[in-house]
Every structure is written in structure tokens, then in C-alpha cells.
Amino acid sequence: MGRFSRLGNDLFTGRRSVDFVGRTRLWYAISGLIIVTAVLGLYFKGLNFGLEFRGGAQFTVTMPADQATQDNADKLRDDVAGTGIPSTQQVVVTTAGKNNIIIETEPLTPTESNQVEATIEKSVDVTKAAISADEIGPSWGKEVAKRSATGLVVFLVLVVLMIWGYFRQWKMSVAAMVALAHDLVITVGIYALSGFEVTPATVTGVLTILGFSLYDTVVVFDKVRENTKNLRGSHQTYEEAANLAVNQTLVRSINTSIVALIPVGAILYVGAVQLGSGSLKDLALALFVGMAAGAYSSIFIATPLLAHMKSREPAVQELEKRLKSRRRHDADRYASVPAYADDMAVVDDPDAAAASEREEQTAAARAGGNRPRPNTEATGRGRVVPPSRGPVRPSSSSGRAQPSRKSKSKRGKK
């Protein structure tokens, strides 16, 4: 932990730096590959919507723990599918907890439902009281999907307005929305590839990860704004200041993500491995994938994209040119000194041009009796050359002996 703490301090002060902003093509390529994989999985496999969304019948069979096994679940699947009822051909049978087996089918008529119950009783030798039958219509699932979409749209609109109002930069809102869409596509694609059912718990998890991803992005953006507030004084380009902000918040982002992912991973393990099915598993998968993708996008997508968009602004480009020129001058102070060739024209020599101008001013003063124009060319540290009053002529006192001042110790002595 001591090394990790020192690393965090070095990243914060800038003694060490990871070039996140300068390697945007690498991060974009990695994200593009993940997104393409997620989209292909969504296109070829599709989402496995749960019973709440597609509607159907659900039978919960309660039995002793030693009988609620995968073997009995497979037996129930074969027997229910063998009834010949069209709605039972795509039956889904899973174990739930230690004492339950859940059977899901397409919508059934009352007669077909009684026939399926009788088949279950005969297949695993249970009583009718041990079977709980529920009929779920697809209208409830459609209403949940509709309200979830409405909530998502309202959330995105409010987020854009909040980020724009807080940071006063619409480009930050755009970068945050791109990172948010990145997280959503990856989460939905993982659901399609894993084959997990999409239930109302999944919708709840997806809406939850939006807030987590946005929180991490806003923290990084706040540090970017702090570092870029006075770029001229810091002698940094916008990309360098943004990259420093990511490094300064890197340790915090890693710690926050790990602390959040450990309990969610434990819930996912319990729900998927030990319980086998249920809303706990669906919620945990959405949270785990979304949190991991949100931590990645806030570091590798949002900030590099923001720096890329800001680098196209004229003011930022002008500042970068000045900084590059200044750095070249500091590296070699004589790099900007002009070089003169022997065959260069006299007019191109600045010293010759200045001497010629002074001669013209003197000639004009003699001819017209006017005082020559002052030379206001700055030399040295801001001093101005005093105007010339005319040519220097021999003085009548040039041959006379000049008085001298004796020292104090020799005054009055002959």
C-alpha cells in the first residue's frame, strides 16, 4: 500500500504521468472492438426478455431440497414439452433457491394450464398444493418498458442541462453523453451474449449505472476545469492539463470502482451460482458490467474526447503555438537569431537600413532646419533612443585645459 500511495502522490503532483489523452486512437480502437462485439451479439442472439415483458405462465414447484435438483429440472422440461401443447415447446425450467423449480411457458388457456399442472404432479411426484401457477400478461411488461424509456429520456435531458450549467461548456455535456451511451451499449451487449433474462430488475440496474458512470465522469471533468482555468499561467496546453487531471483522479477512480465492484460481484455470484435464478442475479449483472464500463469510459473515453474537441478551438490552438514556440526558444535561445549571407542585399540588413534612415533624417534636418524625427525603436529593456540634434562639430573649448578636483587630503596644500 505504501508504493500505491506514493504512486498516487506522484501522479497527483505530475512527477509521473500516464498519457491517456495522447493515446486516444488506442482507447478508441479498444472501445470500438468491444462495442462491435456487443452489437453483433445483440443482432445475432438478441435479448432474452423475461416473462414480465413477453407474458406467459409460470409454475413454481416447491419440494424438498434433495429433490430440487438439475436432474428433476431437466425431467420437467422434457415432460412439459412432451404434452404436445404449442405454448410449451419453448419451456424454460430453472432451479430457484434450495426448494423451488420454476417452469415458464408461453400464455396458456385454463385447460392447458390444468394439463401442465397434472404433468408436473406426475413427473416429480408432488401434490397439487406444492404447485403455484401464475398467469402474467405482456401489457404489464410493455408498461414497464414505456415508463423506463420515459425516465431515461428525462434523465438524459436533465443531465445535459446540469453539466452545461455547472461547467458552462457544452462540449463537456457531449463527452459525458458519449461515455454514457458507450456504457449502455456494452451493458446491453453483455446481456445479449450471456443469455440472462431481461427483467424489471435489469431495467433498475441499467438506470442505476447511469448515475454511477456520470458521477465518475463529473469528478474528472471538475479537475479538468480546475487545471485549465489559467492555462497561460501554468504554461500547459489543454491536452496536458486534461491529462494531468485524469492522472490526479486515477487512484480515486480505481479505489471507488473496486470498492463498488466487490460487493456487487459477491451478489452476482450468489444470485447466478447458488440461487440459480431471480431478480437478484439480473440486477447484479447490470450493476457489475455498468460500473466497470463507467470507470473505463470516464478515464479513457470522456476526457480524451473532450480534449480532442477543445483542441479544435482557435484560442486553444493559438495558445499551443505560443507554448511550442516558447519551448523551442527555451531549449535553444539562439535558434531564433537570423542568419545572414554574404550576398544578401543591403536593404535586407536591419543595421544598414537603420543607418540609412538616420542619414536621411540628418539631411532633412540640415535642409529644412527642422528637428529630425525621433527614433522610437525600443532597445534594451524598454528604453527609447534619444533624438539626435545634429552632427557633432569641433568646439572652441576643446584645446583648453580642463579643471581637475583634488582629493580632500591635498586641498589647501601647495
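The values are calculated or read from the model by the stated rules, or taken from the named source; none is laboratory data. Computed from a predicted model, the values in this text were never measured in an experiment. All Cβ positions, glycine included, derive from the backbone under ideal geometry; neighbour counts span all protein chains shown.
From the list 199, 187, which residue is modelled with pLDDT of 85 or more, within 26 Å of residue 44 (Cα to Cα) and among the polar types (S, T, N, Q)?
Selected residue: 187, the only one of 199, 187 that is modelled with pLDDT of 85 or more, within 26 Å of residue 44 (Cα to Cα) and among the polar types (S, T, N, Q).
Restricting the search to segment 215-244, which residues are closer than 20 Å to residue 325 by Cα and acidic (Asp, Glu)?
Within segment 215-244, 239, 240 qualify.
Which residue is surrounded by the most Cβ atoms within 10 Å (Cβ to Cβ), if the candidates are limited to segment 150-200 and must be on the phi < 0 side of the Ramachandran plot and part of a loop (DSSP other than H, G, I, E, B)?
It comes out as 199.
Being loosely packed, with under 11 Cβ neighbours inside 10 Å and more than 48 Å from the chain's Cα centre (by Cα) is the requirement here; does residue 119 meet it?
Judged against the criteria, residue 119 is not a match.
Of all residues in segment 223-242, how many are in a helix (DSSP H, G or I) and within 19 Å of the chain's Cα centre (by Cα)?
Residues flagged as in a helix (DSSP H, G or I) and within 19 Å of the chain's Cα centre (by Cα) within segment 223-242 amount to 10.
If residue 126 satisfies all but one of (1) part of a helix (DSSP H, G or I); (2) out of contact with any Phe, Trp or Tyr (no Cβ under 9 Å at 6 or more places or on another chain), what's the number of the condition it fails?
(1) is the only condition that residue 126 fails.
Among the candidates 105, 127, 95, which residue alone is among the hydroxyl-bearing types (Ser, Thr, Tyr), surrounded by fewer than 17 Cβ atoms within 10 Å (Cβ to Cβ) and not assigned by TED's automatic domain parsing to the domain that holds residue 186?
Going through 105, 127, 95 in turn, the sole match is 127.
Could you check, for segment 64-79, whether at least one of its residues is part of a helix (DSSP H, G or I), surrounded by fewer than 17 Cβ atoms within 10 Å (Cβ to Cβ) and in contact with a helix residue (DSSP H, G or I) (Cβ under 8 Å, 6 or more places away or on another chain)?
Looking through segment 64-79, at least one residue is part of a helix (DSSP H, G or I), surrounded by fewer than 17 Cβ atoms within 10 Å (Cβ to Cβ) and in contact with a helix residue (DSSP H, G or I) (Cβ under 8 Å, 6 or more places away or on another chain).
Among the residues of segment 204-222, write down those that are crowded, with 23+ Cβ neighbours inside 10 Å and over 19 Å from the mean Cα position of the chain (by Cα).
205
Which residues, counting only those in segment 27-50, are polar (S, T, N, Q) and touching a strand residue (DSSP E or B) at 6+ places or on another chain (Cβ under 8 Å)?
48
Which one is farthest from residue 63 (Cα to Cα) among residues in segment 129-149 that are outside any helix (DSSP H, G or I) and modelled with pLDDT under 75?
137
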